[in-house]
Amino acid sequence: MFLTQAAGLLVFAFYGAIAPTLMSEMFPTEVRAAGIGLPYALAVAVFGGTAPYVREWASGLGRRDLFAWYLAGLCLVSLLVSLTLSDRRDQALRKLEGLR
């Protein structure tokens, strides 16, 4: 159990180390707080807030495996989005055009 939890925390540490930088590079400086805060809060509310209900709904149908498929689908969407992100490490974030 310890090794499983340690592996999970290691994966989370990889995400937690780069997430703030990655999210801040997605938006120009002028709209960064709203650009990060609103979508993040909506995603947490919609998907995190409804997860217990989706699990109970699947259990009520007698199909507990549906929740695992729901999570796998969300992971697939996350993977596809992460593969389409632009690398902006060499761009001046104040001069990002097309995002305003």
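In this structure, does Thr29 turn out to be touching a residue at least 60 places away in the same chain (Cβ under 8 Å) and either over 14 Å from the mean Cα position of the chain (by Cα) or surrounded by 11 or more Cβ atoms within 10 Å (Cβ to Cβ) (or both)?
yes
Being of a type in the set (Ser, Thr, Tyr) and modelled with pLDDT under 90 is the filter here; which residues of the range 51-81 pass it?
Taking the range 51-81 as the starting set, the residues that turn out to be of a type in the set (Ser, Thr, Tyr) are 53, 59, 70, 78.
Across the range 51-81, the qualifying residue is only Ser78.
Looking only at the range 1-23, which residues are under 17 Å from Leu83 (Cα atoms), without any contact (Cβ under 8 Å) to a residue 40 or more places away in the chain and of a type outside the set (Val, Ile, Thr)?
Selection gives Phe14, Tyr15, Ala19, Met23.
Could you count how many residues in the range 54-68 are assigned to a helix (DSSP H, G or I) and surrounded by 10 or more Cβ atoms within 10 Å (Cβ to Cβ)?
Summing the residues that are assigned to a helix (DSSP H, G or I) and surrounded by 10 or more Cβ atoms within 10 Å (Cβ to Cβ) in the range 54-68 gives 9.
Could you tell me which of the residues Leu22, Leu80, Leu71 is more than 27 Å from Gln91 (Cβ to Cβ) and assigned to a helix (DSSP H, G or I)?
Leu71
How about the range 25-53: which of its residues are aliphatic (A, V, I, L, M) and not in a helix (DSSP H, G or I)?
Correct list: Met26 only.
Any residue at all in the range 82-99 that's closer than 18 Å to Pro20 by Cβ, at pLDDT below 85 and of a type in the set (Gly, Ala, Ser)?
yes
The values are calculated or read from the model by the stated rules, or taken from the named source; none is laboratory data. Keep in mind the model is a prediction, meaning the values are calculated, not measured. Heads up, the Cβs are rebuilt from the backbone with ideal geometry, glycines too, and the neighbour counts pull from every protein chain shown.
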